[in-house]
Amino acid sequence: MQPDSIPLVTIAIPAYNSEKYIRQTLESALNQTYPRVEVVISDDKSTDRTAEIIREYMAKHDNIRLEVQAGNTGPVRNANLAIRMGKGEFFIILDHDDV
């Protein structure tokens, strides 16, 4: 556990049907050298295994949070939802296929 005096950085990932890339994207987010990072993902009601894969990572990492939308909201709204999930002092958006 890192001291609270270090600012929290939120990596916000809006995702949709990203099972092909989401593992690499999560690995990239989790392999940062900065000591206090949270990864928040808004899944825009994917029809593939995206949420299932994210839940596998959540079981191993306590700094990942997932919210699956009730319906497809579109890319801009989904990105905004991912940002709102974050609690960090600093934010960065990482698209679901960025590696």
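May I ask you to give the solvent-accessible area per residue for the chain, in square angstrom, as obtained with a 1.4 angstrom probe? If you can, show how the numbers build up before the last one.
Working: 5850 Å² over 99 residues.
About 59 Å² of surface per residue is accessible.
Net length available on complete extension from residue 34 to residue 76 is 12.4 nm, with 0.36 nm assigned per residue and the Cα-Cα distance removed. Per-residue surface analysis assigns residue 34 an accessible area of about 90 Å², computed on protein heavy atoms at 1.4 Å probe radius. Sorting 58, 85 by accessible area puts them as 58, 85; the probe is 1.4 Å, largest comes first, and only protein heavy atoms count. Residues 26, 66, sorted by accessible area with the largest first, give 66, 26 [1.4 Å probe; ligands and nucleic acids excluded].
Take every DSSP beta bridge whose two residues both sit in segment 6-99; close to 0 percent of them are antiparallel. What length, rounded to one decimal in nm, is gained on full extension from residue 99 through to residue 52, with 0.36 nm per residue of separation minus their alpha-carbon distance? That pair, residue 99 and residue 52, stretches by 15.0 nm at full extension.
Mean separation of Cα pairs under 8 Å and 6+ residues apart, divided by the residue count of the chain: what relative contact order is that in percent?
On the way: 190 pairs, mean separation 44.7, N = 99.
Over the chain, the number comes to 45 percent.
Of the residues 17, 70, 6, the one whose Cα sits farthest toward the positive end of the charge dipole of the chain, with +1 on the Cβ of Lys and Arg and -1 on the Cβ of Asp and Glu, is 70. The accessible surface of the chain, taken with every protein chain in place and a 1.4 Å probe, is 50 percent carbon and sulfur. Placing a pseudo-label 7 Å from each Cα along the Cα-to-Cβ vector at residue 20 and residue 63 gives an inter-label distance of 2.9 nm.
Which loop-located GluC sites (Glu not before Pro) does segment 1-93 contain, where loop means any DSSP state but H, G, I, E or B and the Cβ has at most 13 other Cβ atoms within 10 Å? Don't skip to the answer; put the middle values down first.
On the way: sites: 19, 27, 38, 52, 56, 67, 89; in loops: 19, 89.
Here the GluC sites (Glu not before Pro) that fit, given the DSSP loop and packing criteria, are 89.
The values are calculated or read from the model by the stated rules, or taken from the named source; none is laboratory data. Please read these numbers as outputs of a predicted model, since none were measured by experiment. Because the Cβ atoms are built from the backbone with ideal geometry, glycine has one as well, and the counts that use them run over all protein chains shown. Only protein heavy atoms, including side chains, enter the accessible area calculation; ligands, DNA and RNA are left aside. Shrake-Rupley method; radii C 1.70, N 1.55, O 1.52, S 1.80 Å.
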